[in-house]
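Take a look at the structure below.
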Amino acid sequence: MLGSAAGGGAPQWNCACAVCLDGRADRTQDTVAVSGDGTVWYLINAGPDIRSQILRTPDLAPGPGLRQTPVRGVLLTTAELDHTLGLLSLREAVRLEVYATAAVTEALAPVRSMLGHYTDLRWRAMPVRLDGGLDLDRLTVGRKRPRYAADLDGADWVSALRLTDRRTGSSFVYATCLPAWTAEFDAFVAGADQVLLDGTFATEDELTRATGRPGSASSMGHLPMASSRVHAARHPGTRFRYGHVNNTNPSTADVVADGSELLTS
Ligand code: MLT
Ligand code: MN
Ligand code: ZN
């Protein structure tokens with residue numbers, strides 16, 4: 001778990017809400033690193049804090065070759081800035097492999113064109129097999145476009161990912177932007193060992209209470225924890241935890257910390 005906060009992190013630089021001011025908030029923005037063999041790693045999203053997150057994670061240290069890195073690629077689940085700005089900070093890569101849906105790829109055309117001047121950028125559709133022993137399944141869970149891409153079409157804007165260890169069959173689901181718990185999502189998480197859920201908001205009215213901004217959590221693409229806990233309880237064999245925590249969310253139960261490990265076996 002490289003970072004566990006929603007966009008802005010916690011504390012957020014310009015926020016004087018109760019959570020940001022009380023001094024305990026210490027979360028960088030949502031990014032997860034996954035590996036099947038502990039040697040080859042993929043980033044799930046690349047947030048604005050990616051440089052410091054990689055530097056403080058021993059598994060991601062470079063070497064032994066001069067520009068060798070265990071980071072094999074980046075899997076994008078959205079085109080939101082809090083999940084993609086870090087791509088620009090990876091421009092020193094000798095080669096950068098990024099995997100995304102067609103909608104996310106189109107939205108990020110400006111980033112692709114900039115990055116292509118700095119690194120050997122390989123931009124592809126989501127693979128089903130990853131190096132290092134992982135299989136990948138993707139489910140479209142939402143159609144919310146980033147604000148900067150509001151006028152684009154496309155369908156596969158927000159994805160959940162399920163990574164399965166080919167040797168052991170154990171699996172991890174990443175779903176930190178989940179607008180609703182559909183029957184398809186229920187089947188997608190069934191039997192998983194670990195699930196990282198959307199912890200943006202604890203309740204539907206949290207943001208309005210904290211900041212006065214209108215809009216429910218679900219209408220912003222984020223099913224609140226109070227709702228997802230009810231669904232999660234129907235899967236007693238699966239460990240559910242929460243990431244992408246907004247700086248207004250004071251929850252601590254089942255909320256992951258930066259740097260924690262989510263082991264599936
Ligand atoms: C989200 O998670 O809904 C977006 O990251 C929001 C934003 O970028 O402000
Ligand atoms: Mn976000
Ligand atoms: Zn705040």
Worksheet item: Mind checking which residues of segment 53-83 are of a type in the set (A, V, I, L, M) and either assigned to a loop (DSSP other than H, G, I, E, B) or in contact with an Asp or Glu (Cβ under 6 Å, 6 or more places away or on another chain) (or both)?
Response: A61, L66, L76, A79
Practice prompt. Enumerate the pairs (first residue in segment 207-219 and away from ligand 2 (no atom under 16 Å from the Cβ); second residue anywhere and open to solvent by 70 Å² or more (accessible area, probe 1.4 Å) and of a type outside the set (D, E, K, R)) with beta-carbon separation below 7 Å, excluding pairs fewer than 6 apart on the same chain, so at least 6 apart or on different chains.
Written response: T208/P214
Worksheet item: Is it the case that G8 is over 20 Å from A100 (Cα atoms), within 16 Å of ligand 3 (Cβ to nearest atom) and at pLDDT below 95?
Response: no
Item to complete: Answer yes if at least one residue in segment 185-204 is over 17 Å from V19 (Cβ atoms), in a loop (DSSP other than H, G, I, E, B) and without any contact (Cβ under 8 Å) to a residue 24 or more places away in the chain, and no otherwise.
Response: yes
Worksheet item: When you go through (1) β-branched (V, I, T); (2) over 30 Å from Q12 (Cα atoms); (3) open to solvent by 40 Å² or more (accessible area, probe 1.4 Å) one by one for T140, which number turns out not to apply?
Response: (2)
Discussion item. Being within 24 Å of L130 (Cα to Cα) and in a loop (DSSP other than H, G, I, E, B): is that true of G86 here?
Written reply: no
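Of the residues that sit in segment 208-223 and are assigned to a loop (DSSP other than H, G, I, E, B) and surrounded by fewer than 19 Cβ atoms within 10 Å (Cβ to Cβ), which one is farthest from ligand 1 (Cβ to nearest atom)?
Top of the filtered list is G212.
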Worksheet entry | Restricting segment 1-44 to residues that are at positive phi and away from ligand 2 (no atom under 16 Å from the Cβ), the residue that is most open to solvent (accessible area, probe 1.4 Å) | G23
Fill in: Every residue from segment 78-100 that is within 18 Å of G9 (Cα to Cα), more than 16 Å from ligand 3 (Cβ to nearest atom) and either buried (at least 19 other Cβ atoms within 10 Å of the Cβ) or polar (S, T, N, Q) (or both)
T78, A79, E80, H83, T84, G86, L87, S89
Practice prompt. Report the residue count in segment 181-204 for those that are in contact with a strand residue (DSSP E or B) (Cβ under 8 Å, 6 or more places away or on another chain), open to solvent by less than 50 Å² (accessible area, probe 1.4 Å) and within 26 Å of G215 (Cβ to Cβ).
Written response: 7
Worksheet item: Would you pick out the residues in segment 89-108 that are of a type outside the set (V, I, T), closer than 16 Å to L152 by Cβ and part of a helix (DSSP H, G or I)?
Response: A102, A103, E106, A107
Worksheet entry | Complete set of residues in segment 109-137 that are assigned to a loop (DSSP other than H, G, I, E, B), over 14 Å from R72 (Cα atoms) and open to solvent by 50 Å² or more (accessible area, probe 1.4 Å) | H117, Y118, A125, V128
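Does D193 satisfy the criteria of being over 17 Å from the mean Cα position of the chain (by Cα) and more than 30 Å from T238 (Cα to Cα)?
No.
The values are calculated or read from the model by the stated rules, or taken from the named source; none is laboratory data. None of the values given here were measured: they were computed from a predicted structure. Note that each Cβ is placed from the backbone with ideal geometry, even for glycine, and that neighbours are counted across all protein chains shown. For the accessible areas, the whole protein counts, side chains as well, though only heavy atoms, and no ligand, DNA or RNA atoms are used. Shrake-Rupley method; radii C 1.70, N 1.55, O 1.52, S 1.80 Å.
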